[in-house]
Amino acid sequence: MKLNKTQLKKRIAVASRQVPADIVIKNGRIIDVFNLEIIEGDIAIADGVFAGIGEFNGKQIIDAENRYICPSFIDAHVHIESSMVTPAEFSKVVLPHGVTTVITDPHEIGNVSGKDGINFMLNNSEDLPLDVFFMLPSCVPATSVENSGAKLSASDLEPFYRHKRVLGLAEVMDYPSLQAPDDEMVDKIVMTSAYTEHIDGHLAGLDTDAINIYKAAGIRTDHECNTVEDARERLRRGMYLLIREGSVAKDLKSLISVVNHNNARRCLFCTDDKHLDDLIQEGSIDHNVRSAIRYGLDPLIAIQMASLNTAECYGLKQKGAIAPGYEADFLLLDDLDSINIKEVYKSGQLVASDGEYVGRFVKKDSPEQKLLNTVKVPRLDKKDLQIPIRKTGMANIIGIIPNQLTTNHLQESVVAENGVFVPSSEKDQQKLVVVERHKHTGNVGLGIVKGFGLENGAIGTTIAHDSHNIVATGTNDEDLLLAVQTLEEINGGLVIIKNGEILVSLSLPVAGLMSDQGFRSISTGLHQVKQGLANLGFNGGFNPFLTLSFLTLPVIPALKVTDLGLFDVKSFQHIEASL
């Protein structure tokens, strides 16, 4: 936050009680995240910044009514696109959950629309009651084994570093390019280092040698741990540990025991990818804090992780604490167990109360047409969906793990007719289809997946990390073809098909990832999606669309599908489905 001479004089005058504060908070219990203790006193605010703690008079009084005064929360790593709403609508959802700052990586829209997509996210997040900071996508495309809609080089990214809300380089997920080391990846890291020290990692399934390589390259964080030992190894090598609790990847329960008084200052919280309905129902970073406390973590440490730790990790020096000189972003909490948030303040102004957004209205321009027309696929027929099976009758199969990004590499017998795979509800084996949708290449990648439990029909979406081609799974080719066709007609989104009928379609026309409508409209649409899934016999304890969207991510083990075919992440090459 820039400070001018007039503001500085006023702040000093308020701190020294020469003039009344703009706002004074009284009768509250202040959470001190520096010493992990509760203190008492009035809190003075001048021009949206804390000016002092003690005894103060002010033009406006906020009576905390003996509630806890808590620094607001910061999401250390989030893809706003995964909420399926634009940043402006996203802010209305997370602010009531106490999140006043997020650090986002726009690589989802970057992989679809390149620089135009990043500019849209920057412009749409301007002048919001939510502070949205950016890490620039490091891997567009994510890897060389798939086709996305754009390619971003170091020279493409460099102009963005002049933007005041760009902090650094986002998750480096192409480990083979880093290990090589590939010139394009090295160029991005070297270029970034001229502007900032903030570079995020992505070490899914990688060993300690990889941690050494990432850290030697100046990469400081990782959010891809799911075991205590992995987390401990990253902390030992000086990395910041981002403990993730999203809609699919739920790592908090397995990782929280690694946090102790000795290492807590190196630990943060993030959501990464979280659907709108989950954000509304269970929350954002407040859910991480609440869960950590439930699993035994000291509430003050949990709050410190959600505020001060994240601010310091990303160089946000005026955020994350209730103390003079810090931005007046704070919460009023009823207690330290349930973390029930009574009110949320941004720069001293009330923006949410009793779970509802009450901040100012911010009008945003409609997305440009080129962001609304990104789904381009050729006409397909059943021949395009055939998976040849050899006489052995055995195949490589993707075994999904509910609520995890990783998959199992299974080898099982399958049903085949005339030498091609036939989905089987009895075996819980479905066809998985990935159709390139950016450049009309006609590429169709195919695989077999186990674990969705669909009895009939098909589901499909244009949310397919990270290249965001069309991905669909189903029990028959007719419904799969209709799913692909429907997704093109609605300019991207989510569809549910059964017996040649469109049961549900939810349009997400902004790059095929986000809606141009309000969050309540999309929340209603997602409720209809849940109802539609029941008609396909789905009764699993996970979100099948989110699970489907990560089956195309070829940087997370073990078996995935890209538009070029079935991909073995361990050997980092495409393989045939049939054994």
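The values are calculated or read from the model by the stated rules, or taken from the named source; none is laboratory data. If you're wondering where the values come from, they're calculated on a predicted model, not measured in any experiment. Glycine gets a Cβ as well: all are built from the backbone with ideal geometry, and neighbour counts include every protein chain shown.
The table below lists the values:
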{"read-out": "Subset of segment 112-140 (residues that are in a loop (DSSP other than H, G, I, E, B) and within 18 Å of the chain's Cα centre (by Cα))", "value": "Ser125, Leu130, Pro137, Ser138, Cys139, Val140"}
{"read-out": "Some residue of segment 319-342 being farther than 14 Å from Ile69 by Cα and free of Cβ contacts under 8 Å to residues at least 40 places away in the same chain", "value": "no"}
{"read-out": "Meets criteria (over 22 Å from Asp466 (Cα atoms), within 19 Å of the chain's Cα centre (by Cα) and not β-branched (Val, Ile, Thr)) for Leu235", "value": "no"}
{"read-out": "For Lys439: the one exception among (1) more than 30 Å from Lys370 (Cβ to Cβ); (2) surrounded by fewer than 24 Cβ atoms within 10 Å (Cβ to Cβ); (3) modelled with pLDDT under 95; (4) of a type outside the set (Ser, Thr, Tyr)", "value": "(1)"}
{"read-out": "Residue, farthest from Ser549 (Cα to Cα), within segment 408-430, restricted to residues that are in a strand (DSSP E or B) and without any contact (Cβ under 8 Å) to a residue 24 or more places away in the chain", "value": "Glu417"}
{"read-out": "Candidates Leu316, Leu350, filtered to the one that is without any contact (Cβ under 8 Å) to a residue 40 or more places away in the chain and either closer than 30 Å to Thr462 by Cβ or surrounded by fewer than 23 Cβ atoms within 10 Å (Cβ to Cβ) (or both)", "value": "Leu350"}
{"read-out": "Sole residue being without any contact (Cβ under 8 Å) to a residue 60 or more places away in the chain, touching a strand residue (DSSP E or B) at 6+ places or on another chain (Cβ under 9 Å), buried (at least 23 other Cβ atoms within 10 Å of the Cβ) and of a type in the set (A, V, I, L, M, F, W, C), chosen from Val561, Val495, Val504, Val484", "value": "Val495"}
{"read-out": "Selection count, segment 327-344, where residues are outside any loop (DSSP other than H, G, I, E, B) and either surrounded by 23 or more Cβ atoms within 10 Å (Cβ to Cβ) or among the small types (Gly, Ala, Ser) (or both)", "value": "7"}
{"read-out": "Single condition Glu368 does not satisfy, out of (1) within 30 Å of Ala15 (Cβ to Cβ); (2) touching a Phe, Trp or Tyr at 6+ places or on another chain (Cβ under 8 Å)", "value": "(1)"}
{"read-out": "Candidates Ser413, Ser425, filtered to the one that is among the small types (Gly, Ala, Ser), surrounded by fewer than 16 Cβ atoms within 10 Å (Cβ to Cβ) and under 16 Å from Leu480 (Cβ atoms)", "value": "Ser425"}
{"read-out": "Every pair of residues 6+ apart whose Cβ atoms lie under 8 Å, when the first sits in segment 68-91 and is touching a residue at least 40 places away in the same chain (Cβ under 8 Å) and in a helix (DSSP H, G or I) while the second is buried (at least 24 other Cβ atoms within 10 Å of the Cβ) and among the basic types (Lys, Arg)", "value": "Ser82/Lys274; Ser83/Lys274"}
{"read-out": "Matching residues, segment 92-104, being in a helix (DSSP H, G or I) and out of contact with any helix residue (DSSP H, G or I) (no Cβ under 7 Å at 6 or more places or on another chain)", "value": "Leu95, Pro96"}
{"read-out": "Residues within segment 52-81 that are under 20 Å from Tyr314 (Cβ atoms) and among the small types (Gly, Ala, Ser), tallied", "value": "2"}
{"read-out": "Positions within segment 40-87 being surrounded by fewer than 22 Cβ atoms within 10 Å (Cβ to Cβ) and either of a type in the set (Gly, Ala, Ser) or under 18 Å from Val510 (Cα atoms) (or both), in sequence order", "value": "Gly41, Gly48, Gly54, Gly58, Ala64"}
{"read-out": "Counted residues, segment 39-58 - those being in a strand (DSSP E or B), free of Cβ contacts under 8 Å to residues at least 60 places away in the same chain and touching a strand residue (DSSP E or B) at 6+ places or on another chain (Cβ under 6 Å)", "value": "5"}
{"read-out": "Condition check for Phe542: farther than 29 Å from Val420 by Cα, surrounded by fewer than 23 Cβ atoms within 10 Å (Cβ to Cβ) and aromatic (Phe, Trp, Tyr)", "value": "yes"}
{"read-out": "Near pairs, Cβ below 8 angstrom, 6+ apart or cross-chain, from segment 185-208 (farther than 19 Å from Asp230 by Cα) to any residue that is among the basic types (Lys, Arg)", "value": "Glu197/Arg220; His198/Arg220; Ile199/Arg220"}
{"read-out": "Hits in segment 195-224 (condition: of a type in the set (Lys, Arg) and in a loop (DSSP other than H, G, I, E, B))", "value": "Arg220"}
{"read-out": "Test: residue in segment 226-237 that is among the aliphatic types (A, V, I, L, M) and buried (at least 24 other Cβ atoms within 10 Å of the Cβ)", "value": "yes"}
{"read-out": "Selection count where residues are in a loop (DSSP other than H, G, I, E, B) and either crowded, with 24+ Cβ neighbours inside 10 Å or within 18 Å of the chain's Cα centre (by Cα) (or both), scope segment 238-249", "value": "4"}
{"read-out": "Residue identified as farther than 18 Å from Leu553 by Cβ and outside any loop (DSSP other than H, G, I, E, B) among Val484, Val449, Val433", "value": "Val484"}
{"read-out": "Of all residues making up segment 150-198, the number that are small (Gly, Ala, Ser) and in contact with a Ser or Thr (Cβ under 6 Å, 6 or more places away or on another chain)", "value": "2"}
{"read-out": "Hits in segment 417-442 - residues which are over 25 Å from Lys391 (Cα atoms) and of a type in the set (A, V, I, L, M, F, W, C)", "value": "Val434, Val435"}
{"read-out": "Residue among Lys253, Lys274 that is surrounded by fewer than 24 Cβ atoms within 10 Å (Cβ to Cβ), assigned by TED's automatic domain parsing to the domain that holds Lys215 and of a type outside the set (Val, Ile, Thr)", "value": "Lys253"}
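The rows are residues; the columns are (1) crowded, with 23+ Cβ neighbours inside 10 Å; (2) touching a helix residue (DSSP H, G or I) at 6+ places or on another chain (Cβ under 8 Å); (3) modelled with pLDDT under 95.
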{"residue": "Pro106", "(1), (2), (3)": "yes, yes, no"}
{"residue": "Ile109", "(1), (2), (3)": "yes, yes, no"}
{"residue": "Lys115", "(1), (2), (3)": "no, yes, no"}
{"residue": "Asn119", "(1), (2), (3)": "no, no, no"}
{"residue": "Leu128", "(1), (2), (3)": "no, yes, no"}
{"residue": "Leu136", "(1), (2), (3)": "yes, yes, no"}
{"residue": "Ser153", "(1), (2), (3)": "no, yes, no"}
{"residue": "Glu158", "(1), (2), (3)": "no, yes, no"}
{"residue": "Tyr161", "(1), (2), (3)": "no, yes, no"}
